[in-house]
């Protein structure tokens with residue numbers, strides 16, 4: 001059984017079809033990259049996997065370890081091991097970073113029948129992960145993402161991922177807006193989480209991130225369809241030639 | 001009769017209550033106090049209860065109060081066990097009032113610093129009338145406000161707090177007003193006088209609650225808070241009575257030069273609540289913070305009426321009110337800022353933020369600036385919104401349930417106000433009350449999957465700049 005199986009997935013938003021029949025199989029231990037031009041549906045795919053209800057699945061199926069993902073609410077998907085690193089992490093004033101992350105971890109642990117972690121157990125583990133992402137622990141006393149720079153927000157996403165240790169990690173344009181140092185740190189964090197039990201879906205517009213997080217498979221998404229799949233060399237080809245050559249006639253006029 | 005008010009319908013019963021009251025009232029032989037009560041009662045009969053045609057009462061209909069015959073609440077005794085639940089730890093003193101009457105047994109005055117007097121007003125009127133006379137009734141406006149007039153006519157008991165020059169009381173003084181279940185509609189008119197002389201520091205918590213089941217009750221409280229020069233004072237109002245309670249409270253603050261005063265409020269309970277806050281920045285360089293949080297559900301009506309008067313130059317005032325409304329609750333924020341002619345360099349700011357959790361919840365928010373000076377800075381802003389979907393999804397996507405995520409977001413919204421409360425004792429108490437309350441808020445129960453929440457803003461923002 002594959003970790004993630006997407007079959008003939010069609011998704012609409014407000015009556016507009018964004019994904020037009022996606023098939024994708026991801027096995028444990030694999031890193032897949034989804035590349036594609038703006039508006040091709042990459043982020044939609046990421047959000048559907050995290051179970052955002054603004055997206056309507058009109059056809060097809062998604063299973064996670066054999067379980068029907070489409071039946072799950074976002075928190076259930078998270079508890080089953082889905083983690084989405086947001087393209088635009090949300091600032092939430094009034095909710096402390098550390099408190100939030102421990103609440104999330106404990107919600108997931110309860111779901112898995114594990115004991116909740118108290119602050120005494122949580123903090124040493126948390127400090128280790130902070131070091132991994134080279135994050136200042138002062139940031140953690142602040143409200144969730146509030147006043148964080150773009151790079152700090154992205155690092156915070158990976159920090160959360162490191163703490164929550166998901167089964168399926170989805171990185172949505174995690175590289176966008178990062179300078180090279182931040183990119184190295186983020187990629188280092190991600191690479192340290194590669195494991196035979198875990199799969200990753202790296203959604204990106206640019207090949208740059210894939211120099212640091214080397215994928216096993218690359219899929220090109222254009223106008224809601226996967227038009228090509230291949231190994232990591234496909235990313236380089238895209239970098240060289242751009243997306244123009246992959247575009248089918250239907251792709252013209254795809255959402256900007 | 002003014003069109004904006006109704007003549008007091010059951011005048012005979014009011015007169016009867018007043019006559020009965022006067023026979024036994026504290027200090028009834030003091031001419032000044034007798035006159036104060038008589039004049040106020042006459043004024044009450046003259047002005048009558050306001051109607052919604054009165055601009056200050058446009059969003060709040062008090063016909064329910066006007067129509068009811070209220071009896072003076074009896075003295076009642078609580079078993080010590082019943083009152084234990086209401087204690088707040090680490091306060092400087094606790095005064096307990098049952099149905100408006102001071103209960104010495106349940107109160108704890110303890111060891112206060114030298115120069116601090118905490119007593120029941122009734123007792124202080126009897127023992128030191130000249131001290132009380134200096135301030136009582138000098139600030140609260142009986143001329144325009146029927147409720148203040150009524151309270152003044154029925155001045156009987158409440159808290160008396162006096163802090164001598166330069167004395168600092170670090171822990172807050174806790175005033176607890178409990179109403180018990182009665183067979184008829186009852187009324188109490190708590191009257192508090194808080195005087196902090198120059199360079200003193202004081203914090204007072206007024207907490208209104210009910211015990212033993214619901215019966216119609218009117219709590220009509222007036223607090224006069226006098227802050228001398230460079231005095232630091234904080235006042236906390238907590239309303240958590242049952243849903244049959246009418247609660248009208250008026251906080252009148254008189255600020256001296258460079259005084260720094262804060263009014264904090266938390267409205268959780270009460271069927272119809274009117275929270276009047278009226279600071280007068282009478283001396284130069286004063287600062288006033290007016291901070292409040294109101295959480296309404298069911299058919300609750302929670303009205304916050306701010307009237308900030310800048311009467312001297314170089315004063316600053318900051319108003320922050322956050323409302324969370326669910327069910328068919330109706331919230332009101334009316335923020336009037338008056339800048340007098342001489343109050344140059346006034347810096348006044350007002351912010352009202354609201355979350356509506358249901359289609360039927362409603363908020364009326366009305367800033368009102370009256371500016372008679374020419375070199376001032378006054379800003380105001382109001383927002384009305386729902387729980388932010390992005391934030392909710394973000395929390396859920398990490399494994400936090402929808403219900404818990406909503407509670408966290410509401411708590412965070414409430415926290416904006418809670419954080420501004422300077423006294424950690426008051427802040428912890430209030431934070432605890434908010435957190436307990438949010439556990440039972442309807443709006444955080446998940447919406448069933450077939451139902452889509454439609455976005456409809458039922459609030460109005462009325463703006464008046466004169």
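Per residue of peptide A:87-98, the mean number of Cβ atoms on other chains within 10 Å of the residue Cβ is 4. Short-range pairs are left out: with C-alpha atoms under 8 Å and at least six residues apart, the relative contact order of segment B:29-185 is 36 percent.
What is the average number of partner chain Cβ atoms found within 10 Å of a Cβ in A:52-58?
Numbers: counts 5, 5, 2, 0, 0, 0, 0.
Rounded to a whole number, the mean comes out at 2.
Per residue, chain A reaches -9500 deg cm²/dmol at 222 nm when only DSSP H runs of four or more residues are counted, each adding -39500 (n - 2.57). With a/c under 1.5 counting as rounded, go ahead and sort segment B:95-204 into rounded, prolate or oblate using the C-alpha gyration tensor (a ≥ b ≥ c being the square roots of the eigenvalues; past the cut-off, prolate if a/b is larger than b/c, else oblate). Oblate, because a/c is 1.5 or more while a/b does not exceed b/c.
How much mean residue ellipticity at 222 nm does chain B get from its helices, if each DSSP H run of length 4 or more adds -39500 (n - 2.57) and you divide by all residues, to the nearest 500 deg cm²/dmol?
Here the helix-only value at 222 nm equals -6500 deg cm²/dmol.
Ordering B:51, B:94, B:19, B:299 by the number of other Cβ atoms within 10 Å of each residue's own Cβ, fewest first, gives B:19, B:299, B:51, B:94.
Taking the C-alpha atoms only, the angle from helix B:31-47 to the longest principal axis of chain B is near 40 degrees.
The angle separating the long axis of helix B:11-24 from the principal Cα axis of greatest extent in chain B is about 50 degrees.
Give the shape of chain B as rounded, prolate or oblate, defined through the alpha-carbon gyration tensor: a ≥ b ≥ c are the square roots of its eigenvalues, a/c under 1.5 means rounded, and otherwise the shape is prolate if a/b is larger than b/c and oblate if not.
On the way: a/c = 1.38, a/b = 1.28, b/c = 1.08.
Verdict is rounded for chain B.
The label-point distance for residue B:105 and residue B:427, in a model that sets each label 7 Å from Cα toward Cβ, rounds to 3.8 nm.
In this simple spin-label model, placing a label point 7 Å from the Cα along the Cα-to-Cβ direction at both residue B:411 and residue B:71 gives a separation of 4.4 nm.
Percent relative contact order of chain B, based on C-alpha pairs within less than 8 angstrom and at least six residues apart? Write out the running numbers ahead of the final one.
On the way: 1215 pairs, mean separation 44.7, N = 466.
So the answer I get is 10 percent.
Based on the mean of other beta carbon atoms within 10 Å per residue, what is the order of B:300-309, A:87-96, B:182-191, most packed first? Intermediate results must be reported in sequence, preceding the final value.
Values: B:300-309: 23.5, A:87-96: 18.3, B:182-191: 20.1.
Peptide ranking by packing, descending: B:300-309, B:182-191, A:87-96.
Peptides A:116-122, A:78-84 ranked from most to least packed, by the mean per-residue count of other Cβ atoms within 10 Å: A:78-84, A:116-122. Taking the centroid of alpha carbons for each part, segment A:179-197 and segment B:271-286 are 55 Å apart.
If you find the alpha carbon centre of segment B:52-72 and of segment A:68-129, how far apart are they in angstrom? If you average the Cα positions of each part, the centres end up 50 Å apart.
Mean partner shielding of peptide A:72-84, defined as the number of other chain Cβ atoms within 10 Å of each residue Cβ, is 4.
Going by average Cβ neighbours within 10 Å, how do the peptides B:370-380, B:396-406 rank, with the highest at the top? Can you show the working numbers first?
Numbers: B:370-380: 14.5, B:396-406: 22.8.
Peptide ranking by packing, descending: B:396-406, B:370-380.
The modelled label-to-label distance for the pair residue A:211/residue B:377, using points 7 Å beyond Cα in the direction of Cβ, is 4.7 nm.
The value of relative contact order for chain A, using C-alpha pairs under 8 Å at least six residues apart, is 28 percent.
What FRET efficiency would be calculated for the residue pair residue A:146, residue B:15, taking the C-beta separation as r and a Förster radius of 41 Å, to the nearest 0.05? Can you show the working numbers first?
Working: r = 59 Å, r/R0 = 1.43.
Efficiency, rounded to the nearest 0.05: 0.10.
Since every read-out is calculated from the coordinates, none of them should be taken as a lab result. For clarity, every value in this text was computed on a predicted model and none was experimentally measured. Virtual Cβ from ideal backbone geometry, glycine too; neighbours counted across all protein chains shown.
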